[in-house]
Amino acid sequence: MSLAEPMTPLSEKPRRREDRKGLYFNAALACLLAILFFLSLFLGRGGHFLFSELNAVAQDDAKLAWIVLTDIRLPRALLALCIGASLGLSGAALQGLLRNPLAEPGLVGVSSGAALGAVVVFYFGLASTHALILPLGGMAGAAGALLLLFALAGRDPDVGTLILAGVAIAALGGALSALALNFAPSPYAALEIVFWMLGSLADRSMEHVRLALPFMALGIVLVAAAARGLDALALGEDTAQSLGFSQRRIKLLVIIGTGLSVGASVSVAGAISFVGLVVPHLIRPVIGHVPSRGLLPSALGGAAMLMTADLIVRLFSPTQELKIGVVTAIVGAPFLIHLLHRARKSGAGMS
Amino acid sequence: MNGKAEKHSKLHRFARLICFFCLAVFFFSLCQSAQATPRIVSTNLCTDQLGLMLAPEKLLSVTWMAADKEESPLWEKAAKIPVNYGTAEEILSLKPDLVLAGNYTTRFTVDLLQHQKIPVYEMRPPDSLKGVGDNILKVAEILGVEEKGRQTVLLLEKAMADLAPQDGRRPKALVYRAGGFTSGGAGLVDDLIAQVGLHNMMADKSRDWGRYISMEELIYLHPDVIILETYRAHDPSLANALLEHPAFKSVLGRTVVVSIRSPDVTCGTPAMIEAAKAMAAARNQVLQRK
């Protein structure tokens, strides 16, 4: 499995077996998600479950437990689910579209762009007029970063060029965000850069869910609509054209979909990296290299990965809660190194 | 020849004597003027506050924060005084006789000033009511207004004594700041809480300046009184946005909330008394409910 291997559907394999394997895998992931969701809602620090408080004798205690469940745990679990799904899905889609196994929203600079957009509208009072302006800012930043990526990387970028472009955009986004934060009126802003660069789901509310969820859902739908197109593109641009797929339309679907979902995610939770990189690679041994088959499992897997990371930071942080991006980076960065190492070993190399 | 030389040397000696006398008078008068108006520069917000409170006319310069409404309770008094940004360059160019600084002021700046033989008085931010009194007396001494300093301390002590509780009941209180930070068992706010007859819940958990608590933890603690310490509440930040969290608002609905401004309780000025009065009123409200 080298990085140069084309991701083409192998029509020799019996489809029904593949379909059934995919179905079982997705079902297993869905079950895992249900368990993680349950734990996110009810499990507290020190292995303590919320049931005892919810059924408490004292009315006040029960009410407080209910507030914790609905206003604190539920939004957090929902955001972990949806953001993880967005990141996993857009990672898989970008890898399919760019035919590059290292593509993911964080690495190609989309998350940084979204963070910049969110920071500018939030700290300078623009989002105070209407709450919706916050996710809109994030989405504008994400879309801008993607357009810049395609402009820099050209029509058919090779692996190296794409990653370089991504690194440049991520660096630019990060630097401009830091600049904006330093100019912000509030003195807390400069400290909050850690939130925007690493991401966190701590103390999120249903308000954040309401702001981000519609856009994430729309983005996911748009990306999913590009599924068959991604399959066709994997055969080559001209082949796809002859099959009746417009490359421009597929690109637009993926760009807008990723921009919406990642932009909205980052605007409420900061830039969380590596989910979109790791998950598609983990599911590929089971699912195979067909892009359309990989989209749903990547979404489910991304949600599972982020929920697990969130459980870890919620239950096992020492005093001050770790930022969730730390956990995903600790997993993701070595994984990236492993991918690069494998590529070098197999001789494919980065041109 | 000899006579002329002798006359010359006598003249020279006399001239030298006159010169020496003039110079002596000149230097003596210089010293007098230096003693008359010592040039005092304040480079720390807390020393600014105390200086403005006791003798603003004696301060050559205060920090830029002293004139900022959001940072300084005594900002009006700082309006006419030139500001500095605490850099060694600025301070040296003012040619001060004494510099008031904080013990957290940049070491480099302090060392540079001391190297230039300028005395620096480093004040610790007060961590108790007694500390407030000590700081006031010390700064008053430096500024040469000892009597005013003593009077101010007496007024503060009387005001606090008036707020002391009549009985032994101690409703549970908790300080909550932007970003989810609380105040532990140390610090001026903790002392104020104890003085007005409340019990700081976080003092049981930590003897230090305070730490972050998550919203969930806050809900489980459910104090009787939440002391909301605000700082620059109008400028948007994630830290301030946390105070808009629906869960927090529902908790606020069940407790007595007293809002105080961070600058009022940082440096130990009369503004601190207003904050303490608000806390005492909250205590009464809780006890009336029960």
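Nothing in this text is a laboratory measurement; each read-out follows from the coordinates by a stated rule. Since we're looking at a predicted model, the values are computed, not measured. So basically every Cβ, Gly included, is an ideal-geometry build from the backbone, and we count neighbours across all protein chains shown.
A few points about this structure:
- As a ratio to 2.2 N^0.38 Å, the alpha-carbon radius of gyration for chain B is 1.41.
- D_trans [Stokes-Einstein, Kirkwood Rh over alpha-carbon pairs] for region A:292-351, 10 °C, 1.306 mPa s, µm² s⁻¹: 116
- Here the residues B:Thr230, B:Thr87, ranked from fewest to most Cβ neighbours within 10 Å of their Cβ, fall in the order B:Thr87, B:Thr230.
- Within chain A, the selection of entire DSSP H helices by a Cα span of 24 Å or greater along the long axis and an average Kyte-Doolittle value of at least 0.5 returns A:15-42, A:74-97, A:133-153, A:159-183, A:206-225, A:247-269, A:291-316, A:324-345.
- Share of Cα-Cα pairs in region B:87-126 lying beyond 14 Å, as whole percent: 38
- For GluC sites (Glu not before Pro), the sites in region A:10-70 that DSSP calls loop and that have at most 14 other Cβ atoms within 10 Å are A:Glu12.
- Nearest-ten-degree value, helix B:271-289 long axis tilted from longest Cα axis of chain B: 10
- Checking every one of the trypsin sites (Lys or Arg not before Pro) in region A:154-220 against DSSP loop status and a limit of 14 other Cβ atoms within 10 Å picks out A:Arg155.
- Length released on extending from A:Thr319 to A:Leu172, taking residue separation times 0.36 nm less the Cα-Cα span: 49.6 nm
- Shape box of region A:80-193 [Cα atoms, principal axes, largest first, Å]: 43, 29, 21
- Cross-link reach is defined here as a Cα-Cα straight distance under 29 Å, omitting same-chain residues fewer than 8 places apart; for B:Lys249 the lysines meeting it are A:Lys63, A:Lys323, B:Lys69, B:Lys172, B:Lys205, B:Lys277, B:Lys290.
- Estimated FRET transfer efficiency when R0 is 41 angstrom, pair A:Leu164-A:Phe38 (beta carbons, to 0.05): 0.45
- For A:Val254, A:Val209, B:Val189, order by how many other beta-carbon atoms lie within 10 Å, fewest first: A:Val209, A:Val254, B:Val189
- Restricting the calculation to Cα atoms, region A:236-313 shows an Rg/Rh of 1.05 when the hydrodynamic-style radius is the Kirkwood one.
- When Rg and the Kirkwood Rh are both derived from Cα coordinates, the Rg/Rh ratio for chain A amounts to 0.99.
- P(r) weight above 16 Å for region A:36-98, C-alpha pairs, percent: 56
- Fully extending the segment from B:Lys95 to B:Phe21 would add 23.9 nm, taking 0.36 nm per residue of separation and subtracting the current Cα-Cα distance.
- Beyond 33 Å, the tail of the calculated P(r) for the protein assembly as shown holds 59 percent of the Cα pairs.
- The value of relative contact order for chain A, using C-alpha pairs under 8 Å at least six residues apart, is 30 percent.
- For region A:175-215, the share of alpha carbon pairs falling in successive 5 Å distance bins from zero is 5, 20, 20, 17, 22, 14, 1 percent.
- Label-to-label distance, nm, for residues given as A:Asn55 and B:Gln114 (7 Å Cα→Cβ offset): 6.6
- Result for chain B in a Gaussian network model with C-alpha springs under 10 Å: among B:Cys19, B:Cys46, B:Cys267, the largest mean-square fluctuation is at B:Cys19.
- Using alpha-carbon coordinates, inclination of helix B:146-163 to the longest axis of chain B, degrees: 0
- Geometric extent, Cα atoms of region A:142-237 - Rg, Dmax (angstrom): 17.7, 53
- Helix B:2-36 and the longest principal axis of the C-alpha atoms of chain B enclose an angle of approximately 10°.
- Whole-angstrom Cα spans of region B:95-222 along principal axes, big to small: 55, 35, 20
- Per residue convex hull volume, Cα atoms of region A:191-329, in Å³: 113
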